[in-house]
Each structure stands twice: as C-alpha cells, then as structure tokens.
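Working notes, structure below.
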Amino acid sequence: MSFPRMIRVRQTFDATRVDDIPGEVEDQLVRLDLGRKVKPGQTVAITAGSRGINNIALIVKAIVDHVKALGGVPFIVPAMGSHGGGTAEGQREIIEGYGITEDFLGCEIRASMETVIVEMAKQGFPVHFDKHAASADHVIVCGRIKPHTGFVGEVESGLHKMMLIGLGKHAGALVYHRAIIDYSFGEIIRTVADVVLRRCKVLCGVGIVENAYDETGRIEAVPPEKFYERETALLKLARQWLPRLPFNKVDLLVIDEIGKNISGTGMDTNVVGRKYNDHAATEKDDVSCKRIFVRGLTDETHGNACGIGIAEFTNQRTIDQVDIKITRINALTGGHPTAAMLPVAFPTDRESVGAALATVGLIEPAKARVIHITDTLHVAEVLVSEAYLSELEGRDDLEIVEGPFEMEFDSSGNLYPVAAATAGVH
C-alpha cells in the first residue's frame, strides 16, 4: 500500500498568557479579602485534581502561601472521583506526579476515598463530600475551566464539576453519573453545587483557563456567590481558546498519546469531534474523523486508558500499556463503558495505518486526508497529508514548516511521533 506524503504545519492561535503565575494568584486572592473569614489556626482544604494542568503545582503553592500568610493551616485534598484506581494511594501518586508534593508545597496532603453525606438532594440521591475537606474550617476549590467531553451546558468542566465529582470522590461520582442518566447534567451539577456551597464552607474558587498552546491564559479567584456567573463567562473564553485541528474533515486521525492528564476521555472529544457519538461525527460536532488510530498512552495516566474505546485502531504496544482494572473502574464510574472498549490492534503502526486507510471509503490511501497529532492538548505543530495542500493556500493561521515527505516508519514498522518526524532525518 502507498501511504500519503506528509507536511509539517504550524498553527497560530491566540497566545494570551499569564507570565507571573504566583503573582497573579496572589493578586486575585488579595481582591477577595479572605482574611475577613480565615482566622489564625483555622484549616483550609485546597483541591488538586487529576488533569494535567500547566503550572498547577505553582498555582496550588501560591494558594497555600496565601493561606499561610493569613495565619491559616492549608492542606491538599486529591479531588478526582475514581481516577487513581479509586484508591487514596493512587490519587496521591497522581498529584505528586504533577509536582504537588508536601516538600514543594510545605503542607500536608490528606488523601482518602472516604466521604461524608452532606444531605439528600431533592432528586433523592445523597450528596457526598470528601471527609478531610468536610473536617476543614474552609475549602478552596481550584480547577481548570473548559468544555466537558461528554456534556453540554452553561457550565461544564470546572469549579462546579470539582465540587460534584472531585470532592464527591468515587462514591459521589458513581451516584452522580447514575443520576445524570435520569436527569440533565445541568440539573444535577446545579443541585449538588448548591448543597456544597450552602453546607460545606467553601471559601472561594480559583479558576484556570488555558490557551490553545496548553499555557496558563487566565487565573481568576471567585467568591462562592459568583461561582455560576463567573464559570459561565470563563467557559465561553475557554471555548474560544480551545485547541483545534487545522482541518475539520479527516479520513484518519493519528494520535501519538492519550491519557487522563490530557483529557477526561483520554482524547478531547471537543477536538476530535466525537462528543455525542464515540465513532461518528454528528451535526453538533465541528470536526469529522472517519477513523482514529491511537499509538500510545502517556506516562502520567498510569495505565488508565479510559477513552481508548473512542478510537477504531491501535497497536499492540498500547494494549500492553493498559491497566484494565483501573480503566474499567474509571469508565464504569463515569457511566461511559464504551470508553474502555479496546480497538482493533496490530503489531505495528504500519499495519494499523494500512488497515485504517482501507476502511475510509473509495479514496485511494495515498490521497487520503490524514492528520497526525501529539495529543489533543498539543496541536500547534501537526503533520497533515498532501491532500490538504490546496486548502493550506490562503490560510494565514497556518504555516508550512517542511514537506511534503514520506510518512516515516522506523525499522520496526512504527511511526515516528510528531515531535521527531522530519523529512527523512533519522
């Protein structure tokens, strides 16, 4: 089979960025005058989630330092539903992998899967809250605000979801995802958030919005009474800054890595266009990928391959990386069992690409529209096939870096990742 020739393309996105991370966190928190509420010696629980947020350790440390300056006693609570295999040790390991360690922060990490039931929601299910956070005098909710990979609403993934899934731990996440089958996502997230804000001593939120280069674009400290208002506005900004593929019609999308540090579904469905259907674009999606081939898992995902079921093709190396148990736990807790289903796997990338291109329709494989990306967070530089050459003309947001060159496989028949692929230089 003849494979398409590839072109390295650089995309231009809005590059709004926060350069002084600690300074911006401090400025934001100072505006809230938290000293009116935090008294010397009082404990403050600060959330740390499972997503790979850029500068997260610096952001959390700046929050810790501010609390200390007020005379408070901060500690960190891993807040991530069922990630980490649904164990306290696994969740602690995840945040430590992001640099959120006791040595760096100068405070305790208190990890537990135990929750307290705050009250019964009006829909009849219990509202769970992390036991360590529940015992604190105050709680600061820190998290990235972005479009959710499976739900649509005025708020999606952010401070509200951290109160819902993150601080609800495995027990809460299991209940809430079941409730979402019978009620709307918006209804459940508002119900739980209202209970948590009313009963759980939430001091403030620290919302993070990243630009399309996976950089910290904005940090905003939010008082509890403005959580919904500000998260709604920041979600609109996050949508504007969302990384995107350079073209919205794709025969084969090749992804070097997926993982929980990249997206809750391993790959961001807002980017690949499968938010409403795992294996086909709908009229609501902006992107249509006929086939997706996943080449590997990130180290930071610790074998959690949740979302691999969205792809049709993979390789045996990726299958060997999968921790079936923790992937199963995460997918079932999230009410998304298809996310854990394993794609068709071949021994080599060459065989996987060949099989995938044979299933995209009548188009000859060499003329197929192929895009090769590192992951769905990093699409500033991508490889696109020669079929897009005419569409590149007139696009001032795209720059041809090099190519066309042959699709490159190593001596074992595996593709070079985007970062290493060049015009035959190996």
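The values are calculated or read from the model by the stated rules, or taken from the named source; none is laboratory data. Bear in mind the structure is a predicted one, so any value in this text is a computation, not a measurement. Positions of Cβ are generated from backbone atoms using ideal geometry, with glycine treated the same way; all protein chains shown enter the neighbour counts.
Structural remarks
- One residue stands out in the stretch 282-298 among those that are modelled with pLDDT of 95 or more and of a type outside the set (Val, Ile, Thr): the one that is surrounded by the fewest Cβ atoms within 10 Å (Cβ to Cβ), namely 288.
- Which listed residue, of 104, 129, 151, 125, is assigned by TED's automatic domain parsing to the domain that holds residue 218 and more than 26 Å from residue 221 (Cβ to Cβ): 125
- Looking only at the stretch 191-236, and only at residues there that are part of a helix (DSSP H, G or I) and in contact with a Leu (Cβ under 6 Å, 6 or more places away or on another chain), the one that is surrounded by the fewest Cβ atoms within 10 Å (Cβ to Cβ): 224
- Taken over the stretch 155-168, the criterion of being in contact with a Lys or Arg (Cβ under 9 Å, 6 or more places away or on another chain) and closer than 19 Å to residue 275 by Cα is satisfied by 155, 156, 157, 158.
- Residue selected from the stretch 70-86 under the condition in contact with an Asp or Glu (Cβ under 9 Å, 6 or more places away or on another chain) and either of a type in the set (A, V, I, L, M) or more than 21 Å from residue 42 (Cα to Cα) (or both), by the criterion modelled with the lowest pLDDT: 84
Each row is one residue, and each column tells you yes or no for (1) touching a helix residue (DSSP H, G or I) at 6+ places or on another chain (Cβ under 9 Å); (2) part of a loop (DSSP other than H, G, I, E, B); (3) within 25 Å of residue 213 (Cα to Cα); (4) not assigned by TED's automatic domain parsing to the domain that holds residue 372.
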{"residue": "277", "(1), (2), (3), (4)": "no, yes, no, no"}
{"residue": "304", "(1), (2), (3), (4)": "yes, yes, yes, no"}
{"residue": "320", "(1), (2), (3), (4)": "no, no, no, no"}
{"residue": "328", "(1), (2), (3), (4)": "yes, no, no, no"}
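- The residue that is farthest from residue 375 (Cα to Cα), among those in the stretch 42-69 that are outside any helix (DSSP H, G or I) and among the small types (Gly, Ala, Ser), is 45.
- Selection status of residue 11, within 20 Å of residue 75 (Cβ to Cβ), surrounded by 13 or more Cβ atoms within 10 Å (Cβ to Cβ) and in contact with an Asp or Glu (Cβ under 7 Å, 6 or more places away or on another chain): no
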